[in-house]
Amino acid sequence: MLVYTFRRLLLILPTLLGVSLVIFAILALSPGDPLAAVVSEEYGNTAEDIERIREQLHLNDPLHVQYLNFLWDALRGDLGTSFRGGSSVLNDIMARLPSTIQLAIAGLIATMLLGVSAGVLAALYRGGLPDKLTMLFAFVGVSIPSVYAALLLLLIFAVELRWFKVVGDEGLKSLILPAAAMALIPAGVLARLTRASMLEVMEEDYVRTARAKGIREALVTVMHIFRNALIPIVTYLGLLAGSLLSGQVFVENVFGRPGLGRFLVDSISARDYPQIRGGILFVAVGYVFVNLIVDLLYGVIDPRITYE
Amino acid sequence: MRPTDSQAAKGSTAASGGPDIGQPADDWLVVGRSPVRRAAARFFRDPLAVTGLTIMALIILITLFAPQIYSWDEIINVSNATKLLSPSAAHPFGTDNLGRDQLGRVLWGGRESLRAGYLVVLIGLGGGTILGLISGFAGGWVDNLIQRFVDVLLAIPGILLALSVVGALGPGLVQVMLAVGLANIPDYTRLIRGSVLEAKENEYVRAARVLGASNRRIMFRHILPNVIGPILVYATLGLGIAIMITAGLSYLGLGAQPPSPEWGAMLNQGRQFMRHAWWMPVFPGLAIVIAVLSINLIGDGLQDAINPKLRK
């Protein structure tokens, strides 16, 4: 296990290198001048000013030199300075991070609660009403864009029922609606997956054996069926991270939460390249690590997986 | 196979007592037809799939004829007299903050949103098919190179790839379509490469090679038709996601810009006037949900039709 963990950590290095290269390349291939949105002769900057700023930001260096500088700076925790206001991109990101992590955790919990419980109920009452309702929810849920789910929740629970404020921070309470909106699509997928996985495990010999030994049905359901059904569900967690991330970008903006999703969108709208590049690199690297953790979790949940 | 042959084949199987040997009713009926026809027959016997197809056909028809029902001027021009009217017979979806008929805008917006979705899938599918076929078929260092590249792209969540392309190209509907389409390429490449590797092992491919068929012929005549099924299913389900993501990015102000009636752009305006006019966000969103729902029904139907063993 330790050797495996170490090897996975080593293998992550080329991935991170590739990810940084792809992000740098996409943004460097931009057809326009990255500076055009900030300084230009239209705004009264002289040609010398522009040239001086270009030189200052090393935009005249050849691309491979720019990339190596970008990489070296990123490794030392320097993601550059924003075109607007000149603040440190890493500081900007860190200021937004708590809000994003809070919502990510709330969204994950909402997804698991909604998806797993609906899936388990559907499997236990196969063909019955809970099953039909779950499958309907799963089907309709994945067809509602998170932006729209968020708007509808706001409309119903904040504007009409006034249970929540439309804008403004209400502490943990203000996480409920965004988390629900984010959870809708992944919970639908998770419910289907949990149901299928439960049904498969229910047919296994060891479940029959457990029942034959006279173990109580509730215990069989939890210890024998549910625990083994969890394995494909954990596999899905890795994919779920991507789905939640995309939900987060949309939902943060609908609810006006000051998180990283909103930061990315704002920086793209303002064409602030250092912010775009730093923000996307930061989130992508975080995503790679989340996937690594999920991978390592398999072994904890399923002792049948051995790491040679 | 020509229709007459298949009719004859069907007749002879039926006469030889197919149903007596306990085959499922839907298989003996169609024995002897080509796999495509068998899948089509299964698809059209699935009520949910047919419902989805009917709704999608209706949506396409209505959006095609939108210009005949509402003129562009009607949905773009500001009219103070009809600001924020709630839904009525004259304006079934109400009017927006600039006095424009929302039904007309939703219909016109469908042209933008659906076209964006189709183009996104086309870009992803086109790029992925080319890369996947080359990768799966060539093997060796070419395969290795493409796969390592795809590995890296898959390590970045699709939404981030799309955002970085929009970041490079700047906001706009065309840019968003390109971005989401490009972000889809790695998924399709993986899928198609896998199918090709599987299909390559089939005897008909070896037979074709022994007969001296060129690589290109084997690739397009023998392998592609045999891997198209799962790809079609994936692309259909991907279309729904593409429509949701492009609308979402337009909502964020990165895609279609006002006064475009694109559904996501309409949602954005609806958000601002939500307190006074619930119909502004509700109807364009409902249009997205209905379109995506019908596409998902078609996709699920296709999946069952192509691979009946998976049916639950």
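No lab work stands behind these numbers, since they all come straight from the coordinates. All values reported here derive from a predicted model rather than from experimental measurement. Reconstructed Cβ throughout: ideal geometry from the backbone, glycine too, with neighbour counts over all protein chains shown.
Miscellaneous remarks
- Calculated FRET value between A:A212 and B:R115, using beta carbons and R₀ = 60 Å, to 0.05: 0.50
- The Cβ shell under 12 Å around B:G255 holds other residues with a net charge of -2, Lys and Arg each +1, Asp and Glu each -1.
- Estimated from helices alone, the mean residue ellipticity of the protein assembly as shown at 222 nm is -23500 deg cm²/dmol (sum of -39500 (n - 2.57) over DSSP H runs with n ≥ 4, per residue).
- Label point distance in nm, B:S88-A:I109, each placed 7 Å from Cα along Cα→Cβ: 4.8
- For region B:102-180: span of alpha carbons on each principal axis (Å, largest first): 56, 24, 17
- Exposure proxy ranking, count of Cβ atoms within 10 Å, fewest first, for A:I93, B:I228, A:I225: B:I228, A:I93, A:I225
- Share of Cα-Cα pairs in the protein assembly as shown lying beyond 39 Å, as whole percent: 38
- Simple label model, 7 Å out from Cα along Cβ direction - A:E204 to A:D61, nm: 5.4
- For region A:126-193 versus region B:264-312, the inter-centroid distance based on Cα atoms is 15 Å.
- Loop-located chymotrypsin sites (Phe, Trp or Tyr not before Pro) in region A:125-228 (DSSP state other than H, G, I, E, B) with a sparse environment of at most 11 neighbouring Cβ atoms within 10 Å: A:W163.
- For A:K213, the aspartates and glutamates whose Cα comes closer than 19 Å to its Cα, not counting residues fewer than 8 places off in the same chain, are A:E203, A:E204, A:D205.
- Across A:A284, A:A180, A:A158, mean-square fluctuation computed from a Gaussian network of chain A (C-alpha pairs under 10 Å connected) peaks at A:A158.
- Over region B:261-312, relative contact order from alpha-carbon pairs under 8 Å, at least 6 apart, %: 26
- Förster-model FRET efficiency, 35 Å R0, B:N215 and A:L13, C-beta, rounded to 0.05: 0.45
- Cα long-axis angle, helix A:129-141 against chain A (0 to 90 degrees, to the nearest 10): 10
- Quarter of the Cα convex hull surface for region A:187-308, i.e. its orientation-mean projected area (nm²): 10.5
- Region A:111-131 residues near the modelled A:L219 label - backbone nitrogen below 17 Å, point 7 Å along Cα→Cβ: none
- Label-to-label distance, nm, for residues given as A:L21 and B:N144 (7 Å Cα→Cβ offset): 1.4
- Compactness of region B:132-277 was expressed as the Cα radius of gyration divided by 2.2 N^0.38 Å, which yields 1.38.
- Start at zero, step by 10 Å, and the Cα-Cα distances of chain B spread as 6, 21, 25, 22, 15, 8, 3, 0 percent across the bins.
- Dimensionless Rg ratio for region A:256-308, taking C-alpha atoms and the 2.2 N^0.38 Å reference: 1.71
- Cut-off 10 Å between beta-carbons: net charge of the residues surrounding B:D96, Lys and Arg +1, Asp and Glu -1: +2
- For region A:13-139: relative contact order, % (alpha-carbon pairs under 8 angstrom, 6 or more apart): 11
- Using alpha-carbon coordinates, inclination of helix A:47-56 to the longest axis of chain A, degrees: 50
- Solvent-free Debye scattering, log10 I(q)/I(0), computed from the Cα coordinates of region A:1-156 at q = 0.13 Å⁻¹: -0.94
- Share of pairwise Cα separations in region B:229-312, more than 16 Å, in percent: 58
- Counting only other chain Cβ atoms within 10 Å of each residue's Cβ, the peptide B:245-256 averages 5.
- If you plug the beta carbon distance of B:I76 and B:I290 into 1/(1 + (r/R0)^6) with R0 = 25 Å, you get a FRET efficiency near 0.55.
- Volume per residue of the C-alpha convex hull in region B:137-204, rounded to whole Å³: 94
- Axis of helix B:35-44 versus longest Cα principal axis of chain B: the two differ by about 40°, to the nearest ten degrees.
- Chymotrypsin sites (Phe, Trp or Tyr not before Pro) restricted to DSSP loop in region B:65-162 with at most 13 other C-beta within 10 Å: B:F65
- Exposure proxy ranking, count of Cβ atoms within 10 Å, fewest first, for A:D266, B:D73: B:D73, A:D266
- Ordering B:V292, A:V147 by the number of other Cβ atoms within 10 Å of each residue's own Cβ, fewest first, gives B:V292, A:V147.
- Sum of side-chain charges, A:F263 neighbourhood, beta-carbon under 15 Å (Lys, Arg +1; Asp, Glu -1): +2
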